[in-house]
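Before any comments, here is the structure.
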Amino acid sequence: MSNQITQQTLTKEIFEILDETFENHHGIFLDRDTSLFTTLETVSAAEASIPVGGQCATLAAQVAHVIFYLEVIEAHIQKKDHGKVDWGDIWRRVSKVSPEEWAAYKDQLRQTYQRVWSLLQAVDNWNDERPIGGALAIVVHTAYHLGEIRQALCTVKQG
């Protein structure tokens, strides 16, 4: 018996965890109705525009950052140069959003996620650090920001 994990087992788990992070509860690590897209549907543009503390980012900035991160990882997986990455740009630039801008950010997040999901689904050979590392990084990074967003909602929804 081999101690190696099969590609089928690895990808099944990666995709279930990705799916739970963004869309559908599988009971792996989130409570029901707490995925990123489900959470964001409960947030208005006005709520997405409230900084949670003195120098803290808005929820809109959190979402814009997740979009940017997905795009950077997508380029990394595809072995494309994303150019100079300015991680601080979004935090400096994104704050208040109109209802139209908020809807656009949520749509862009969904489109970017679906594009990266399709890219990962098309990987034939997972014996490559880029798709494995990229998929794991997306889960970890997005789960962190989902936690930030959900914690911020405790403050935002009280105001």
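The values are calculated or read from the model by the stated rules, or taken from the named source; none is laboratory data. Just so we're clear, the structure is a prediction, and the values are computed from it rather than from any experiment. Heads up, the Cβs are rebuilt from the backbone with ideal geometry, glycines too, and the neighbour counts pull from every protein chain shown. Just so you know, the surface numbers come from the protein's heavy atoms only, side chains and all, with ligands and any DNA or RNA stripped out. Shrake-Rupley method; radii C 1.70, N 1.55, O 1.52, S 1.80 Å.
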TODO: Could you state the accessible area per residue of region 2-41 in Å², with a 1.4 Å probe and every protein chain left in place?
DONE: 61
TODO: Report relative contact order for region 19-159 in percent, whole number only (criteria: Cα-Cα under 8 Å, sequence separation at least 6).
DONE: 29
Task: Mean Kyte hydropathy of 0.0 or more with a Cα span along the axis of at least 24 Å, helices from DSSP in the chain - done: 59-77, 129-156
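Do any trypsin sites (Lys or Arg not before Pro) in region 63-134 lie in a loop, going by DSSP, with at most 10 other beta-carbon atoms within 10 Å of their beta carbon, and if so which? Spell out each step's value before the answer.
On the way: sites: Lys79, Lys80, Lys84, Arg92, Arg93, Lys96, Lys106, Arg110, Arg115; in loops: Lys79, Lys80, Lys84, Lys96.
Of the trypsin sites (Lys or Arg not before Pro), the ones in loops of region 63-134 whose Cβ has at most 10 other Cβ atoms within 10 Å are Lys79, Lys80, Lys84.
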Task: Gain upon complete extension [Glu16, Ser98; 0.36 nm per residue less C-alpha separation] - done: 26.2 nm
Task: Distance between region 1-26 and region 69-103 - C-alpha centres, whole angstrom - done: 26
Open item on the list: For a Förster distance of 35 Å, can you work out the FRET efficiency between the beta-carbons of Ala122 and Ala46, rounded to the nearest 0.05?
Closed with: 0.35
Open item on the list: Suppose the chain between Asp86 and Asp33 were pulled fully straight at 0.36 nm per residue; how much longer would it get relative to their current alpha carbon spacing?
Closed with: 15.8 nm
- [ ] Consider a paramagnetic label point 7 Å from the Cα of Arg130 along Cα→Cβ; state which residues of region 77-115 have an amide N under 16 Å from it.
- [x] 77-83
Open item on the list: Once you place label points 7 Å from the Cα toward the Cβ at Lys157 and Ala137, how far apart are they in nm?
Closed with: 3.2
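Accessible area per residue for region 55-99 in Å², computed with a 1.4 Å probe and the full protein assembly in place, what is it?
Values: 2480 Å² over 45 residues.
Per residue, region 55-99 has an accessible area of 55 Å².
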- [ ] Please give the solvent-accessible surface of Ile28 in Å², to the nearest 10, using a probe radius of 1.4 Å with every protein chain present.
- [x] 70
